[in-house]
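Down below is the structure, laid out as structure tokens.
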Amino acid sequence: MNLTHPQFVVLASLAYLSQHDNEVTQVMISKLSGIDVMTVSQILSLLEKHDFVKRKEHSRDTRAKVVILNKKGEEILSEDLWRFVV
């Protein structure tokens, strides 16, 4: 799957935030990426369908979803970042 620019931005934002927080939420991704929360949610649904990320319930906030980068998501980020470098 080739990533669109917004999909890449959401994945990259998730990867960055995951370095600092154990529980990254859609709202956190939205704030960092500058993409509205509803659009982030739609992008994450597609990325989840293709097994790049998974979502689960937040441990303390029942309204929030925690987003986790899967191995496939890490791999596609590495591949796409390498294309930008070359």
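The values are calculated or read from the model by the stated rules, or taken from the named source; none is laboratory data. These numbers come from a predicted model, not from an experiment. Note that we place each Cβ from the backbone using ideal geometry, even for glycine, and neighbour counts take in every protein chain shown. Remember, those area values only see protein heavy atoms, side chains included, never the ligands or the DNA or RNA. Shrake-Rupley method; radii C 1.70, N 1.55, O 1.52, S 1.80 Å.
Going by the conditions given, is Gln7 surrounded by 11 or more Cβ atoms within 10 Å (Cβ to Cβ) and touching a residue at least 40 places away in the same chain (Cβ under 8 Å)? It is true that Gln7 is surrounded by 11 or more Cβ atoms within 10 Å (Cβ to Cβ) and touching a residue at least 40 places away in the same chain (Cβ under 8 Å).
Apart from one condition, Ala12 fits all of (1) modelled with pLDDT of 95 or more; (2) touching a helix residue (DSSP H, G or I) at 6+ places or on another chain (Cβ under 7 Å); the exception is (1). Of the residues making up region 26-50, those that are open to solvent by less than 60 Å² (accessible area, probe 1.4 Å), farther than 17 Å from Asn70 by Cβ and among the polar types (S, T, N, Q) are Ser30, Ser33, Thr39, Ser41. Could you tell me whether region 10-25 includes any residue that is small (Gly, Ala, Ser), more than 22 Å from Glu79 (Cβ to Cβ) and either open to solvent by less than 40 Å² (accessible area, probe 1.4 Å) or in contact (Cβ under 8 Å) with a residue 40 or more places away in the chain (or both)? No: region 10-25 contains no residue that is small (Gly, Ala, Ser), more than 22 Å from Glu79 (Cβ to Cβ) and either open to solvent by less than 40 Å² (accessible area, probe 1.4 Å) or in contact (Cβ under 8 Å) with a residue 40 or more places away in the chain (or both). Checked against (1) at pLDDT below 90; (2) closer than 18 Å to Thr4 by Cβ, Val40 meets all criteria but (1). Residues in region 43-86 that are aliphatic (A, V, I, L, M), at pLDDT below 95 and part of a helix (DSSP H, G or I): Ile76, Leu77, Leu81, Val85.
Val53 - would you say it is touching a Ser or Thr at 6+ places or on another chain (Cβ under 9 Å) and either open to solvent by 50 Å² or more (accessible area, probe 1.4 Å) or in contact (Cβ under 8 Å) with a residue 40 or more places away in the chain (or both)? Judged against the criteria, Val53 is not a match.
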